[in-house]
């Protein structure tokens with residue numbers, strides 16, 4: 001495998017270690033590849049009602065997982081901005097101001113939402129996006145049968 005630029009991973013490790021030095025109560029562990037282009041920060045569930053947080057930094061993106069939810073962050077806007085955004089979210093996820101909501105069917109999880117507490121409106125999803133198809137024109141009548 002080719003050696004990739006380790007700048008994002010190195011910046012993430014440096015800043016995250018500073019964050020955890022200031023917050024020693026948060027148990028965590030590290031795994032850093034020898035070429036420093038990939039690392040994993042694992043923060044285990046620290047209370048029965050809690051959830052684990054895992055952050056993987058690669059050469060071109062950071063993936064944050066919380067419970068079953070996950071988010072991708074690319075460094076197109078800049079390495080420092082990406083790292084600060086991810087670590088801000090990690091910090092918030094470790095506080096009571098954020099939670100992971102898990103949807104289940106037959107007691108099996110199938111979807112997760114990261115939610116943030118706001119005083120004015122309670123628990124809200126961190127972000128919402130809607131998408132729609134634009135390739136074909138819409139029908140005038142209700143959809144009853146689809147043929148191509």
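The values are calculated or read from the model by the stated rules, or taken from the named source; none is laboratory data. The structure displayed is predicted, hence computed values, not measured ones. Here the Cβ positions follow ideal geometry from the backbone for every residue, glycine too, while neighbour counts run over all protein chains shown.
A few comments on the model shown:
- Pairs meeting the criteria (first residue in the stretch 16-36 and closer than 24 Å to residue 47 by Cβ, second residue modelled with pLDDT of 90 or more and assigned to a loop (DSSP other than H, G, I, E, B), beta carbons under 7 Å, at least 6 apart or on different chains) are 20/28; 26/94; 27/44.
- Taken as a whole, the structure places residue 41 among residues that are within 17 Å of the chain's Cα centre (by Cα), surrounded by 15 or more Cβ atoms within 10 Å (Cβ to Cβ) and part of a strand (DSSP E or B).
- Restricting attention to the stretch 15-38, the residues that are under 19 Å from the mean Cα position of the chain (by Cα) and either loosely packed, with under 13 Cβ neighbours inside 10 Å or under 23 Å from residue 95 (Cβ atoms) (or both) add up to 11.
- Test: residue 76 is out of contact with any strand residue (DSSP E or B) (no Cβ under 9 Å at 6 or more places or on another chain) and either modelled with pLDDT of 95 or more or crowded, with 18+ Cβ neighbours inside 10 Å (or both): no
- Of the strands (runs of 3 or more DSSP E) lying entirely inside the stretch 82-148, those carrying at least 1 residues that are at pLDDT below 90 are 108-118, 122-125.
- Residues of the stretch 14-29 classified as at pLDDT 90 or above, touching a helix residue (DSSP H, G or I) at 6+ places or on another chain (Cβ under 9 Å) and under 18 Å from residue 66 (Cβ atoms), total: 3
- If you go through the stretch 42-60 and keep only what is without any contact (Cβ under 8 Å) to a residue 40 or more places away in the chain and touching a strand residue (DSSP E or B) at 6+ places or on another chain (Cβ under 7 Å), you end up with 42, 52, 54, 56.
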